[in-house]
1. Filter the stretch 35-64 down to residues that are of a type in the set (A, V, I, L, M, F, W, C) and open to solvent by less than 50 Å² (accessible area, probe 1.4 Å), then give me how many there are.
2. Which of the residues spanning the stretch 20-34 are surrounded by fewer than 16 Cβ atoms within 10 Å (Cβ to Cβ) and without any contact (Cβ under 8 Å) to a residue 40 or more places away in the chain?
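The values are calculated or read from the model by the stated rules, or taken from the named source; none is laboratory data. Computed from a predicted model, the values in this text were never measured in an experiment. When we count neighbours, we look across all protein chains shown, and the Cβ atoms used for this are built from the backbone with ideal geometry, even at glycine. These accessible areas exclude ligands, DNA and RNA; they are computed on the full protein's heavy atoms, side chains included. Shrake-Rupley method; radii C 1.70, N 1.55, O 1.52, S 1.80 Å.
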Amino acid sequence: MAVKTQKFSLRRSVPSPDEVERRALEEELARTQVLAHQAYSGFNHTKDTDLIESYVYEINALQARYSYLLRRIKALETEP
């Protein structure tokens, strides 16, 4: 019975700084989406006026953050 051996390369492809930044931005974008979903859920399930106001501010802040992250990702894609 012959045993086949495979050769493995120890070299890893090193991602470019832009690729590292892009991945970090995409992870942050996903986290922001989760936080926005939670804020919308809290907003929809509360009756307290102070909490409603708090959720409105939080949702607006998360929308601004989401827009910023999208712009940064698109800017990285268009850079040479």
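1. Residues in the stretch 35-64 being of a type in the set (A, V, I, L, M, F, W, C) and open to solvent by less than 50 Å² (accessible area, probe 1.4 Å): 4 in total.
2. Taking the stretch 20-34 as the starting set, the residues that turn out to be surrounded by fewer than 16 Cβ atoms within 10 Å (Cβ to Cβ) are 20-21, 23-24, 26-27, 30-31, 33-34.
Once the filter is applied, which keeps residues that are surrounded by fewer than 16 Cβ atoms within 10 Å (Cβ to Cβ) and without any contact (Cβ under 8 Å) to a residue 40 or more places away in the chain, the stretch 20-34 yields 20, 23, 24, 27, 30, 31, 33, 34.
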